[in-house]
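The values are calculated or read from the model by the stated rules, or taken from the named source; none is laboratory data. Bear in mind the structure is a predicted one, so any value in this text is a computation, not a measurement. Counting neighbours? That spans all protein chains shown, and the Cβs are built from the backbone with ideal geometry, glycine included. When the accessible area is computed, the model is the full protein with side chains, heavy atoms only, and any ligands, DNA or RNA have been set aside. Shrake-Rupley method; radii C 1.70, N 1.55, O 1.52, S 1.80 Å.
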Amino acid sequence: MFDHPIPRVFQNRFSTQYRCFSVSMLAGPNDRSDVEKGGKIIMPPSALDQLSRLNITYPMLFKLTNKNSDRMTHCGVLEFVADEGICYLPHWMMQNLLLEEGGLVQVESVNLQVATYSKFQPQSPDFLDITNPKAVLENALRNFACLTTGDVIAINYNEKIYELRVMETKPDKAVSIIECDMNVDFDAPLGYKEPERSAQHEENTDVEADHSGYVSDIGFRAFSGSGNRLDGKKKGVEPSPSPIKPGDIRRGIPNYDFKIGRITFIRNSRPLVKKVEEDESGSRFIAFSGEGQSLRKKGRKP
């Protein structure tokens with residue numbers, strides 16, 4: 001009847017309300033503490049059935065809204081194993097939405113742009129104790145699907161929870177961080193104070209320094225120390241060191257004529273003392289010049 005078939009109009013937007021609970025309320029033998037370490041929620045199987053019939057884009061991203069407090073955030077989905085009419089959220093996400101256990105939350109499917117830049121502000125100066133904070137944050141963000149400006153996310157590192165506020169995201173206030181190349185920057189932690197530095201007074205080099213308090217060295221004196229008695233009694237006479245005359249200065253003893261503020265460079269070494277040459281006759285070698293000796297004494301013949 002028609003040359004071209006009329007396309008059917010499908011609703012490509014998922015929107016419904018759930019009662020939300022924290023992950024600790026999730027029944028089951030398995031420990032689901034991994035949900036608390038990320039930014040994804042657990043939804044009922046009926047949501048997966050409804051989403052599969054809609055023309056939505058992947059990955060599945062959702063906008064969570066608390067209409068009572070007019071607070072909203074964005075998240076991804078981890079599993080579809082919750083009870084019908086219930087969804088489970090990380091505790092930090094419920095705090096951002098000002099939700100209590102069993103509160104109503106509006107869940108809508110959205111499409112977000114890929115992140116290129118984000119800025120975080122640690123909520124405690126303890127975050128500075130981490131050796132490589134960027135690597136720790138990069139590893140923690142693998143469990144997140146998106147970021148929203150104004151949210152306070154929680155990451156777990158070394159069995160300690162650190163909270164970071166999302167100060168800025170580009171190119172939009174809500175961005176997707178799945179398979180993206182994002183630049184990360186940090187703001188000063190909340191409550192951080194710069195360490196006070198003591199004022200350093202610079203000395204004026206043009207003014208000559210006052211060396212009047214310097215005491216001239218009297219040089220090395222052997223055995224100039226004071227002795228002690230074994231019985232603890234004080235000695236009657238203390239040794240008084242004899243003064244050193246300038247003529248007693250020998251090589252190895254400092255020059256006591258040195259004046260403060262003057263530097264003397266000795267460039268020429270001292271000439272070696274030449275020995276007096278002996279007579280040529282005494283120093284010349286003569287072969288067989290020794291005298292012989294007889295074993296028996298010389299005497300007169302009978």
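Calculate the radius of gyration of the Cα atoms of the range 126-173 to one decimal place, then report Dmax, the largest Cα-Cα distance, as a whole number, both in Å.
For the range 126-173, the Cα-based Rg and Dmax read 11.2, 33 Å.
Excluding ligands, DNA and RNA, what is the solvent-accessible area per residue of the range 150-197 at a probe of 1.4 Å, expressed in Å²? Show your work: numbers first, answer last.
Details: 3400 Å² over 48 residues.
On a per-residue basis, 71 Å².
What does the extension gain come out to for Lys67 and Ser15, with contour length at 0.36 nm per residue minus their alpha carbon separation?
Details: separation 52, 0.36 × 52 = 18.72 nm, distance 1.36 nm.
Stretched out fully, the Lys67 to Ser15 stretch lengthens by 17.4 nm.
How big is the range 51-169 along each principal axis, measuring the range of its Cα positions in Å and listing the largest first?
Each principal axis gives a Cα extent; for the range 51-169 these are 47, 30, 27 Å.
Between Thr264 and Gln123, 0.36 nm times their residue separation minus their Cα-Cα distance comes to what? List each step's numbers first, then the result.
Working: separation 141, 0.36 × 141 = 50.76 nm, distance 6.11 nm.
Extra length from Thr264 to Gln123 when fully extended: 44.6 nm.
Applying a 10 Å radius around every beta-carbon, put 76-88, 149-161 in order of their mean neighbour count, most first. Before the final figure, lay out each step's value.
On the way: 76-88: 17.1, 149-161: 15.5.
Highest to lowest by the protection proxy: 76-88, 149-161.
Give, in nm to one decimal, the length gained when the segment between Arg197 and Glu108 is fully stretched (0.36 nm per residue of separation minus the Cα-Cα distance). Spell out each step's value before the answer.
Numbers: separation 89, 0.36 × 89 = 32.04 nm, distance 5.24 nm.
Computed gain between Arg197 and Glu108 is 26.8 nm.
Show Met167, Met94 ordered by accessible area, largest first, where the area counts protein heavy atoms only and the probe is 1.4 Å.
Numbers: Met167 75, Met94 5 Å².
Result, largest first: Met167, Met94.
Could you order Leu230, Leu51 so the one with the most accessible surface comes first? Probe is 1.4 Å. Could the numbers behind the result be given before it?
Working: Leu230 185, Leu51 0 Å².
Heavy-atom accessible area, descending, gives Leu230, Leu51.
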